[in-house]
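Read the structure below first, then the notes.
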Amino acid sequence: MSLQKPIGIFYEHPTWFKPLFAELEKRKIPFIRIKAEYHQYNPAENNQSYSLLINRMSSSAYLRGNGQGILHTLNFLEHIERLGIPTINGSVAQRIESSKARQLTLLAALGLKFPRTRVINHINQVLPAALSLNFPLVVKANIGGSGAGIVRFDTLVGLQTAIDRFQLSLGLDKVALVQEYIAPKDDHIVRVETLNGKYLYALKVYTTGESFNLCPAELCQVPAPYEADACLTEVTRKGIQVEAYTPPPAIIADVERIAKRAGLDVGGIEYLVGKHDHNVYYYDINALSNFVANAPDIIGFDPYLNFVDYIEDRLEKTIQTTKESLL
């Protein structure tokens, strides 16, 4: 493979992507690190600076004081795509990643079940939304990650108290989801990872009942009511069990439909089976796929090898397309 221009990797978290960088270096694939939190571009430029751009921008960036990078990323990706630079997790995936409301619209369009939800844009809508649903409820920031910005309420009194004490935040874009909490059967959710729109592996992630949105790469326990900032400063990993799992074929097929509709080149979809009704509920689409730690021990292989294989395949296609265009 002969690259005239390097890969660009657009990212924000300081440590999550070390395995990716290491594998690219091992294979001698040239790449440039592009930090999303302090970034600028010229919208009038027409030069293609990269052979491929890989978007690894996380919606949890605001937890690290880098929320300014989240909405900027979509603008940059649209600029990159205008220049004809191939992207991995481009603007379509970024729109899904940065809006839980948009994720539910996608699930509804595919006819898939998700917890009953109301999308709100002002704190005065929390109670009216809650009154149209059943407790327990969770309030979720529309833009969030690693379980941040999710608070569970078991009673109307508890929710009213949090509102009166100004302890609820609607997040970066002032949009939030008020959603029925579905207790998971056998105390676990399932995280399914996909690559190139296809099933890669899945994990059962066990929860104590206080957790809802779990990322196995950075487990985050949902804070108790009235402690909405707890998850913003400390990630809880203790006492959470993760194990390899193969979902039923019908669920794998649904997950692949989600991944393709969401434009995910690489990403995770989370679902649970309801404890009381045994229905399958999808509830999170994550375009920032942080593969599980100690993957060879847990799932039997290193998914970063698969990911870089995919990157190489995309590069080969880009080179071939370029050669054909010059003929």
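The values are calculated or read from the model by the stated rules, or taken from the named source; none is laboratory data. Note that this is a predicted model, so its numbers are computed, not measured. Note: ideal-geometry Cβ built from the backbone for every residue, glycine included; neighbour counts use all protein chains shown. Calculation scope for accessible area: heavy atoms of the full protein, side chains included, ligands and nucleic acids excluded. Shrake-Rupley method; radii C 1.70, N 1.55, O 1.52, S 1.80 Å.
Among the residues making up region 1-48, a single one is among the β-branched types (Val, Ile, Thr) and modelled with pLDDT under 95: Thr15. Among the residues of region 286-314, what is the count of those that are touching a helix residue (DSSP H, G or I) at 6+ places or on another chain (Cβ under 9 Å), at pLDDT 95 or above and outside any helix (DSSP H, G or I)? Number satisfying all stated conditions: 2.
Evaluation of Val273 against the conditions (1) more than 13 Å from Tyr181 (Cα to Cα); (2) part of a strand (DSSP E or B) shows that the sole unmet condition is (1).
Within region 52-84, the set of residues being at pLDDT 95 or above, surrounded by 15 or more Cβ atoms within 10 Å (Cβ to Cβ) and among the polar types (S, T, N, Q) comprises Asn55, Thr73. Residues being free of Cβ contacts under 8 Å to residues at least 12 places away in the same chain and either more than 30 Å from Tyr181 (Cα to Cα) or not in a loop (DSSP other than H, G, I, E, B) (or both) are entirely absent from region 49-71. Comparison of Leu264, Leu272, Leu288 shows that the only residue that is surrounded by 20 or more Cβ atoms within 10 Å (Cβ to Cβ), under 20 Å from Lys185 (Cβ atoms), under 19 Å from the mean Cα position of the chain (by Cα) and touching a residue at least 40 places away in the same chain (Cβ under 8 Å) is Leu272. I'd like the full set of residues that are surrounded by 12 or more Cβ atoms within 10 Å (Cβ to Cβ), under 15 Å from Leu288 (Cα atoms) and hydroxyl-bearing (Ser, Thr, Tyr), limited to region 1-50. Selection gives Tyr11 alone. If only residues of region 155-196 that are part of a loop (DSSP other than H, G, I, E, B), under 26 Å from Gly69 (Cα atoms) and at pLDDT 95 or above are counted, the one that is least open to solvent (accessible area, probe 1.4 Å) is Val175.
The residue list Phe135, Phe114 contains one member that is buried (at least 18 other Cβ atoms within 10 Å of the Cβ), of a type in the set (Phe, Trp, Tyr) and at negative phi, which is Phe114. Among the residues of region 9-48, just one is in contact (Cβ under 8 Å) with a residue 60 or more places away in the chain and in a strand (DSSP E or B), namely Phe10.
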